[in-house]
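Colleague: Here's a structure for you.
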Amino acid sequence: QVQLVESGGGLVQPGGSLRLSCAASGSIFSINGMGWYRQAPGKQRELVAGITSGGSTNYADSVKGRFTISRENAKNTVYLQMNSLKPEDTAVYYCNARFIATTDRKLYDYWGQGTQVTVSS
């Protein structure tokens, strides 16, 4: 079994900051990539930021310059530092991990349970 446990969401005023964390645990041989997605009410889930095992990153245009994704490979943990938050960043944020399982050495794609981020005054 594999789990992705997210933390760090909450309510913040416009211009404020939050840091999301996602720790992967369980039968993981190696993690290829990790990322953060978000889904606002009435909208499709969208990629916010992704990071490969080698540290290459990519961001949605809407968050470039404001959000930073990072990871600690030894802890199978990915972070999303969110600065200069705007009301339009309000959404449920989901962690995603693509990993090789120790059980069968196959590639899997797992999601966290989601954490609410609300940006409002």
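Colleague: Of everything in segment 29-54 that's among the polar types (S, T, N, Q) and assigned to a strand (DSSP E or B), which residue is least open to solvent (accessible area, probe 1.4 Å)?
Modeller: Going residue by residue through segment 29-54, those that are among the polar types (S, T, N, Q) are 30, 32, 39, 44, 52-53.
The next check asks that each one be assigned to a strand (DSSP E or B); those that pass are 30, 32, 39, 52.
Details: SER30: 40, ASN32: 67, GLN39: 64, THR52: 58 Å².
Among those that are among the polar types (S, T, N, Q) and assigned to a strand (DSSP E or B), it is SER30.
Colleague: Further question on the same structure: Under 8 Å between Cβ atoms, at least 6 apart or on separate chains: pull out the pairs that start in segment 9-29 with a residue that is in contact (Cβ under 8 Å) with a residue 60 or more places away in the chain and end on any residue that is in a loop (DSSP other than H, G, I, E, B) and among the β-branched types (Val, Ile, Thr).
Modeller: SER27/THR102; SER27/THR103; ILE28/THR102; PHE29/THR102
Colleague: Hey, another quick one. Does segment 42-49 contain at least one residue that is within 10 Å of the chain's Cα centre (by Cα) and charged (D, E, K, R)?
Modeller: Let us first name the residues in segment 42-49 that are within 10 Å of the chain's Cα centre (by Cα), namely 47-49.
Narrowing further to those that are charged (D, E, K, R): none.
No, because not a single residue in segment 42-49 is within 10 Å of the chain's Cα centre (by Cα) and charged (D, E, K, R).
Colleague: Looking only at segment 79-121, count how many residues are surrounded by 17 or more Cβ atoms within 10 Å (Cβ to Cβ), more than 14 Å from the chain's Cα centre (by Cα) and hydroxyl-bearing (Ser, Thr, Tyr).
Modeller: Adding up the residues that qualify gives 1.
Colleague: Go through (1) surrounded by fewer than 16 Cβ atoms within 10 Å (Cβ to Cβ); (2) of a type outside the set (Asp, Glu); (3) on the phi > 0 side of the Ramachandran plot for ASN76 and report which single condition fails.
Modeller: (1)
Colleague: Which pairs have Cβ atoms under 9 Å, sit 6 or more apart or on different chains, and link a residue in segment 104-121 that is more than 28 Å from LEU85 (Cα to Cα) to one that is in a loop (DSSP other than H, G, I, E, B)?
Modeller: Within 9 Å, no pair qualifies.
Colleague: Hey, any hits in segment 79-101 for a residue that's without any contact (Cβ under 8 Å) to a residue 60 or more places away in the chain, of a type outside the set (Asp, Glu), farther than 19 Å from VAL5 by Cβ and part of a loop (DSSP other than H, G, I, E, B)?
Modeller: Yes.
Colleague: If I filter segment 55-73 for residues that are at pLDDT below 95, outside any strand (DSSP E or B), over 19 Å from GLU6 (Cα atoms) and in contact with a strand residue (DSSP E or B) (Cβ under 9 Å, 6 or more places away or on another chain), do I get at least one hit?
Modeller: Yes, because at least one residue in segment 55-73 is at pLDDT below 95, outside any strand (DSSP E or B), over 19 Å from GLU6 (Cα atoms) and in contact with a strand residue (DSSP E or B) (Cβ under 9 Å, 6 or more places away or on another chain).
The values are calculated or read from the model by the stated rules, or taken from the named source; none is laboratory data. None of the values given here were measured: they were computed from a predicted structure. Cβ atoms come from the backbone with ideal geometry, glycine included; neighbour counts cover every protein chain shown. The area values use the complete protein model at the heavy-atom level, side chains included, leaving out ligands, DNA and RNA. Shrake-Rupley method; radii C 1.70, N 1.55, O 1.52, S 1.80 Å.
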